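Asker: Sharing a structure here in structure tokens format.
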């Protein structure tokens, strides 16, 4: 009986999967939606061939909506307002949209396919996003799984960005990846050095873009970037600050600290950087250099589990535990976080538990 039941489930599941595949193939190769018109902000009209996701349609027209996951529907960043023609909200969108957003016709542009004429609204500043032709000029090993990549701008030759923002990198087709994809990475360079962009990239096992960066990208290769994007940046206040990051979450803080140095900032800031082992720590010399020039800055590396024989004498445990040991009260402080959603949620909970106001916590969540 059990075997018969399992066989029945297997057969039904196989039939369902086969039908889903047929539907996908039919939509891709058989269904022809014909010419469609995309109206943007009641001002600009695009005449396109229907059938592609709105995010792709706009990108092909050099209108770049931020998308940390490259259009896979896992980050919830590529939001815009669909006034008409978008169809019903999909189950893949609802986890990323509040009830208020859904009532205001906010959608994920990567999940909305253009099947007919569509009328949308996007922020005006997105029209200022540019695509940049660059050349990779330096690749530096930071740890066993992190590298710093430098991209020299060729066309246009300069970029203006705010410390804390991110760009999107175009990963081309390569052996093992049959399509171009975009991935978002925080800028890790000095905003005053506007003729190149530094990115700190951590290898993700089987990650499409990080695999290309680590196994295929070489110095001298041409690379396309677009941006800048994002609202992660220092506030205009004089409040003391707590920075928390791990891994490639280091990137925006390098840019932020460079900006603090450029402006001779005297704001107090302590930077707690966490790693599982001492091998996960990086850029100690750069952080020491910032300590030397920034009067109120201190870098505090934290190791969860020091290796035997490492002679580690610094902070041990979770990075949030180190914050709790250092501060009994964070009221009046601002918090700046960069890293995985889990790390950010845990750190924000610690911050508010120590009295920090929730609206004083700023973060950049990696999708």
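Throughout, read-outs are computed from the coordinates displayed, never taken from laboratory work. Everything numeric in this text was worked out from a predicted model, so none of it was measured. Neighbour counts are summed over all protein chains in view; Cβ atoms, including those assigned to glycine, are modelled from backbone coordinates with ideal geometry.
Asker: Give the angle, between 0 and 90 degrees and rounded to the nearest 10, that separates the Cα long axis of helix 2-29 from the longest principal axis of the Cα atoms of the chain.
Answerer: 80
Asker: What nm distance separates the two modelled labels at residue 193 and residue 124, each placed 7 Å from Cα along Cα→Cβ?
Answerer: The two pseudo-label positions are separated by 3.5 nm.
Asker: Turning to a different aspect of this structure: At residue 135 and residue 102, where each label point lies 7 Å from the Cα along Cα→Cβ, what is the point-to-point distance in nanometres?
Answerer: 5.2
Asker: Turning to a different aspect of this structure: Which residue, 69, 36, 110, has the most motion in a Gaussian network model of the chain that connects Cα atoms within less than 10 Å?
Answerer: 36
Asker: Based on the mean of other beta carbon atoms within 10 Å per residue, what is the order of 240-249, 352-361, 78-87, most packed first?
Answerer: Answer by packing, highest mean first, reads 240-249, 78-87, 352-361.
Asker: Return 63, 344, 118 ranked ascending by Cβ neighbour count within 10 Å, so the fewest neighbours appear first.
Answerer: 63, 344, 118
Asker: Rounded to the nearest 0.05, what FRET efficiency do residue 162 and residue 264 give with R0 = 22 Å and r taken as the Cβ-Cβ distance? Could you check?
Answerer: 0.80
Asker: Sort segment 35-126 into rounded, prolate or oblate with this rule: let a ≥ b ≥ c be the square roots of the eigenvalues of the Cα gyration tensor; rounded if a/c is under 1.5, and if a/c is not under 1.5, prolate when a/b is larger than b/c, oblate otherwise.
Answerer: rounded
Asker: At 0.36 nm per residue, minus the direct Cα-Cα distance, what do residue 284 and residue 49 gain on full extension? Give it in nm, one decimal, please.
Answerer: Net length gain for the segment: 79.4 nm.
Asker: Let me know the shape class of segment 130-229, please: from the alpha-carbon gyration tensor, a ≥ b ≥ c as square roots of the eigenvalues, rounded when a/c is under 1.5, otherwise prolate if a/b is greater than b/c, or oblate.
Answerer: Prolate, because a/c is 1.5 or more and a/b exceeds b/c.
Asker: Further question on the same structure: Multiply the residue gap between residue 117 and residue 331 by 0.36 nm, knock off their C-alpha separation, and tell me the result in nm, one decimal place.
Answerer: Contour length minus the Cα-Cα distance gives 71.9 nm.
Asker: May I ask what percent, to the nearest 5, of DSSP beta bridges between residues of the chain are antiparallel?
Answerer: Counting only bridges with both partners in the chain, antiparallel ones make up about 60 percent.
Asker: As a test of the formula, what do you get for the chain when each DSSP H run with n ≥ 4 contributes -39,500 (n - 2.57) and the sum is divided by the residue count, at 222 nm and rounded to the nearest 500 deg cm²/dmol?
Answerer: Theoretical 222 nm ellipticity from helices: -7500 deg cm²/dmol.
Asker: Taking springs between alpha-carbon atoms closer than 10 angstrom, which of 307, 286, 100 fluctuates most in the Gaussian network model of the chain?
Answerer: Comparing 307, 286, 100 in a Gaussian network model of the chain, the most mobile one is 100.
Asker: Also: Relative to the longest principal Cα axis of the chain, at what angle does helix 284-293 sit, 0 to 90 degrees, rounded to 10?
Answerer: 60
Asker: Please work out the C-alpha center-to-center distance from segment 79-139 to segment 165-229 and express it in whole Å.
Answerer: 22
Asker: In addition: Most fluctuating residue of 323, 293, 135 in a GNM of the chain with Cα springs under 10 Å: which is it?
Answerer: 293
Asker: Still on this structure: In percent, what relative contact order does the chain have, based on Cα pairs under 8 Å that are 6 or more apart in sequence? Walk me through the numbers before you get to the answer.
Answerer: Details: 715 pairs, mean separation 45.8, N = 367.
Computed over the chain, the figure is 12 percent.
Asker: Let me ask something additional. Decide, for the chain, between rounded, prolate and oblate: order the square roots of the alpha carbon gyration tensor eigenvalues as a ≥ b ≥ c, take rounded if a/c falls under 1.5, and otherwise choose prolate if a/b is larger than b/c, else oblate.
Answerer: Working: a/c = 1.70, a/b = 1.48, b/c = 1.15.
It is prolate, given that a/c is not under 1.5 and a/b is the larger ratio.
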